[in-house]
Amino acid sequence: MPAIKMEDNVYWIGANVHTEDLFEGIWPIPNGVALNSYIVKGDKIAIVELVREWGGAAMCLLENLNSLSISLKDIDYIILNHLEPDHTGFTYLFRTLSPKAQIVTTEKGASLINGFYGIDDHISIVKTGDELDLGQNKHFQFIEIPNVHWPETMVSYETNTKILFSGDAFGAFGVHLGEIFDDETPDVHKPYWEEEMLRYYANIIATFSSNVLKAIDSLANINIKMIAPSHGLIWRKHPEVVIRKYLRYANYNKDFAEPEICVVWGSMYGNTEVMLNSILRGIASEGVPVTVHRVPNEDVSFILADAYKSAGLIIGAPTYEYGMFPPMKYFLEILKKKLIWYKKVLYFGSFSWSGGAQREFDALSKNMHWDIMDPIVFKGHPSNEQLKKGEAQGAELAMQVKNIPSKIKDENY
Ligand code: FEO
């Protein structure tokens, strides 16, 4: 896509990256990811966010600059809100091509620029409240929003157009599907964006939810007309919608998740699976929405998104060599790392010559603020009595989550 005008003298010049690489080396992105980059022109020219040399993104950025007849040597400022290499991997080369450009970042950002790229000159360090005037009514204010996503993160607010360049905050996985603005998005694309936004949040941002809430608070008094994140849609008409979505996501690990159940299971020889079916029958009897994922067959990235949004979580996995079935252990470790707290939880699973899975489940679920039901464990195959208990426990958990009101509702866009 060529450069796209957002406002007078403000342009999107980013790239859609289609790749089989994993994001952060962990998370699959079958729908790719957009690396949004922007140009703001006054008397001086600023580029906001760079890209990584990834899937043609660097070349795309250069072509988009060319389409605006902006020469690299004319760039005065490179504003880097966040130093993760998806937005900065191109920095060293870009600086070589734009030697007069001053990098604008926070103090911690400057340290990261040096650490990643060995650059320690032409850097302007800014903090909350600092400003940068480009002339011709283009004027930035900077606000630090640490840990959304890394500690050096800030946002850049252009006071004339009232555009907030928000870095990772309010971002999403997924390439642009033709539209780059919320108001261009056809209804048929909205489920795509909801899914990619939630999965991005659960995979990348969830650990920092308390910082997201602080950031939203610190932006409350700013008159924001447009939110331009470094990934995903640009919210031109309804910036309040994406703020609300992020508020909703940030509250999922504060006991305000959706009244749904996410069931994650693994089975070696089908015995744990037999119990799964009884539990699902119990859930179905209460009519509660349920998502069901098998490990290791499905990637943890997708499971994490459903687990994060759901008030109820059911973990079914057998004992494997005196401990938890390894793919489930990995999933539970990810839940712990991502602070997936405040769930109503049930564990079930088969063991053969010894237990062990439950012991590891108990250890991994410590300090997670989970409300855990009586577990269902059985030697080998579950008995009819145990299957009845499974059905009853499934129904009980469903009843508990059914009555949890979702506290924050989406608005239409
Ligand atoms: Fe898109 Fe945390 O970088």
ask   = In the list 112, 132, which residue meets the criterion of being assigned by TED's automatic domain parsing to the domain that holds residue 217 and within 16 Å of the ligand (Cβ to nearest atom)?
value = 112
request  = Return a yes/no flag: does the stretch 170-180 have any residue that is aromatic (Phe, Trp, Tyr), farther than 16 Å from residue 226 by Cβ and under 19 Å from the mean Cα position of the chain (by Cα).
outcome  = yes
inquiry  = Among the listed residues 278, 301, identify the single one that is more than 29 Å from the chain's Cα centre (by Cα), in a helix (DSSP H, G or I) and touching a residue at least 60 places away in the same chain (Cβ under 8 Å).
reply    = 278
task = Within the stretch 157-169, track down each residue that is more than 15 Å from the ligand (Cβ to nearest atom) and part of a strand (DSSP E or B).
result = 157, 158, 163, 164
task = Find the residue count for the stretch 123-140, including only residues that are buried (at least 17 other Cβ atoms within 10 Å of the Cβ) and within 25 Å of the chain's Cα centre (by Cα).
result = 0
key: Enumeration of residues in the stretch 304-317 that are part of a helix (DSSP H, G or I) and of a type in the set (Ser, Thr, Tyr)   = 308
inquiry  = Quick check on my filter: what residues within the stretch 220-264 are within 16 Å of the ligand (Cβ to nearest atom) and in a loop (DSSP other than H, G, I, E, B)?
reply    = 230, 231, 232, 233
request  = Output yes when any residue across the stretch 184-203 is within 16 Å of the ligand (Cβ to nearest atom) and open to solvent by 40 Å² or more (accessible area, probe 1.4 Å), and no when none is.
outcome  = no
note = For the stretch 84-101, pairs from a residue that is in contact (Cβ under 8 Å) with a residue 40 or more places away in the chain to a residue that is open to solvent by 70 Å² or more (accessible area, probe 1.4 Å) and within 13 Å of the ligand (Cβ to nearest atom), with Cβ under 6 Å and 6 or more apart or across chains, are 86/52
task = Output the strands (runs of 3 or more DSSP E) that fall wholly within the stretch 1-120 and possess 3 or more residues being closer than 30 Å to residue 198 by Cα, or say none.
result = 4-7, 10-12, 15-17, 33-35, 38-41
ask   = So which residues in the stretch 141-153 are open to solvent by less than 50 Å² (accessible area, probe 1.4 Å), within 15 Å of the ligand (Cβ to nearest atom) and either at pLDDT below 95 or not charged (D, E, K, R) (or both), if there are any at all?
value = 145, 147, 148, 149, 153
One residue from 70, 79 being away from the ligand (no atom under 16 Å from the Cβ), among the hydrophobic types (A, V, I, L, M, F, W, C), in contact with a strand residue (DSSP E or B) (Cβ under 9 Å, 6 or more places away or on another chain) and within 18 Å of residue 10 (Cβ to Cβ) = 70
note = The residue that is nearest to the chain's Cα centre (by Cα), considering only those in the stretch 281-295 that are in a loop (DSSP other than H, G, I, E, B) and over 22 Å from residue 380 (Cβ atoms), is 289
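The values are calculated or read from the model by the stated rules, or taken from the named source; none is laboratory data. Bear in mind that the values here come from a model prediction, so they are computed numbers and not experimental data. Don't worry about glycine lacking a Cβ; one is built from the backbone with ideal geometry, like all the others, and counts go over all protein chains shown. Accessible surface is based on the protein model in full, side chains and every heavy atom, while ligands, DNA and RNA are left aside. Shrake-Rupley method; radii C 1.70, N 1.55, O 1.52, S 1.80 Å.
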